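As structure tokens, the structure follows; a few thoughts come after it.
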Amino acid sequence: MRVEVDQPKCVASGQCVLLAPDVFDQDDDGIVELLNAEPGDELHSDVRESAAICPAAAIRVVER
């Protein structure tokens, strides 16, 4: 899995950080920051859920 974020689309809801704090963080303005573009298998479910519930569709998961 590879994770991509589109920071300009981010609306700073923070749901991704709550679900997968090892993969996502937020800057001082609340915009998503990607910490780990290729998370381990144990994080895949949380990352997929983060992408699914992102209100701005700013997270993209590329399955390998």
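Throughout, read-outs are computed from the coordinates displayed, never taken from laboratory work. Keep in mind the model is a prediction, meaning the values are calculated, not measured. When we count neighbours, we look across all protein chains shown, and the Cβ atoms used for this are built from the backbone with ideal geometry, even at glycine.
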Quiz item: So what J values fall out for the range 3-20 if you push phi through Karplus, 6.51 cos²θ - 1.76 cosθ + 1.60 with θ = phi - 60°, rounded to Hz, Gly and Pro as x?
Solution: 10, 10, 10, 10, 4, x, 7, 4, 10, 6, 6, x, 4, 5, 5, 5, 7, 9
Quiz prompt | Sum of -39500 (n - 2.57) over DSSP H runs of 4+, divided by residues of the chain (222 nm, nearest 500) | solution = -6000 deg cm²/dmol
Self-check item: Loop-located GluC sites (Glu not before Pro) in the range 4-64, at most 16 other Cβ atoms within 10 Å (DSSP)
Solution: E63
Quiz item: Among V11, V47, V32, which one moves the most in a GNM of the chain with springs linking Cα atoms closer than 10 Å?
Solution: V11
Self-check item: For the chain, fraction of C-alpha pairs farther apart than 20 Å, in %
Solution: 12 percent
Practice problem: Calculate how steeply helix 44-53 sits against the longest principal axis of the alpha-carbon atoms of the chain, using the helix alpha-carbon long axis, and give the answer as 0 to 90 degrees to the nearest 10. | Solution: 40 degrees
Practice problem: Over the range 2-62, calculate the relative contact order: mean separation of alpha carbon pairs under 8 Å at least 6 apart, over the residue count, as a percent. | Solution: 46 percent
Quiz item: Based on Cβ point charges of +1 for Lys and Arg and -1 for Asp and Glu, what charge dipole magnitude is obtained for the chain about its Cα centre, in debye rounded to the nearest 20?
Solution: 320 debye
Practice problem: Please name whichever of A56, L34, V11 sits farthest to the positive end of the charge dipole of the chain, dipole taken about the Cα centre and charges placed at Cβ: Lys and Arg +1, Asp and Glu -1. | Solution: A56
